[in-house]
Amino acid sequence: MSGEMMSIEDRWLIPAYAKLPVKVIRGEGSYVWDADGRRLIDFATGYGTAILGHCPPRVTAAIVEQVNRLMVCHGSLYSDARESFLKALSTVAPKGLDKAFLCNSGAEAVEAAIKLAVKRSGKQGFIAFQGAYHGKTIGALSMTWGSKYREPYQGMLLPTKFARFGEASSVSPLIDEDMAAVIVEPVQGEAGVRVPPLGFLKEVEEICRSTGVLLIVDEIQSGMGRTGLMWAHEHSGVHPDIMCFGKGLASGIPIGAVLTTPEIAAAWTKGEHTTTFGGNPISCAAAAATLNQVVSSKLWINAAVQGARLMEVFNRLPRSVVREARGMGLMLAVETRQPSTPVVKKLLAGGLLSIPTGLNVVRALPPINLDSSVLAEATPIIESAFQGDA
């Protein structure tokens, strides 16, 4: 049956994804089960979307209750589910970011942020960073660094200059009279979990303030408590003008969001930027339940504690195989000295899902409520996979 299911996907889907030979049919907490009944520890979590693990009971209950009551409510009508989510969001929104736009994905959130910045500033230039990944829709792609993604569409992209990530001094020379905003990830995820030097984001913020350029912070992968604080930019004490987030916000139900100031939000007129599914009742119910659990349990603390323990495991791995372990909280990566695909396959064979990133990085995005017992179970699998030649 497993092979048949895979062949159906291969037959009908455009081959847009590099797939692992696993058909996942069920998930619970930090585990998934394949079509053959094998249990796997999930440190991939849908690229960070299952932030509370799979099928968290409170979120599942909220979804079921909402599905049985109302599944669709367009943004032109008021919604109690949307209201409940916004109330939960207001408790964790960064200071001053009191206006929200709800959409369906992180890339859509970036697109909205781009349009807000252009409309507010009256300018169309952007600065992003080498290694950046903000999505693959045309606006977000304009600010994504990888040439393999950008080159076929170069003539369609927005004017974007790329500074060196971690070097704030490389930003100022790129600012000109048509610069609308700087967009930055507090920790670069798709680039291999690159953490900038302390003070980098603050310096970028100061440059933006001194030049009148807006600061957009992309928290799509790093937010929601994953790095040890609710939002990763809080480690640096910065105050963005616009913040994008999504991924784990609704525990795997598609959602994206933008937060900004009332002044910037006022740049849009009614109907200027809308989406049919944004603020969908099911997504909002899942997001409210997710946020309430993260906040009530202060799960960013668990992410910091368990992340430090997992980093200890990574730091014990043989240096003949591992060049570097890096990250914050439970947003971690191991850079190998050889291509990392064999390591990812060894981890899978041992019973653990991870994320291959680039040529030689293995990324780990476990649930932020990761339990010590799961980490203890994962440790020998990790140690075994990183033995010998990668």
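Bear in mind that the values in this text are calculations on the coordinates, not laboratory data. Please read these numbers as outputs of a predicted model, since none were measured by experiment. Cβ atoms come from the backbone with ideal geometry, glycine included; neighbour counts cover every protein chain shown.
Annotations
- Kirkwood analysis of the Cα pair distances in region 243-366 returns a hydrodynamic radius of 17.5 Å.
- Highest-first arrangement of 320-330, 218-228, 268-278, 7-17, where packing means the average Cβ count within 10 Å: 218-228, 320-330, 268-278, 7-17
- Beta bridges per DSSP, both residues in the chain: antiparallel share near 65 percent.
- Close amide H contacts of residue 31 (hydrogens built in the peptide plane, cut-off under 5 Å, sequence separation of 5 or more or a different chain): 42, 54.
- Residue pairs exceeding 19 angstrom between C-alpha atoms, taken from 23/136; 136/270; 23/345; 99/270; 19/345: 23/136; 136/270.
- Per-peptide average of other Cβ atoms within 10 Å, ordering 120-128, 61-69 highest first: 120-128, 61-69
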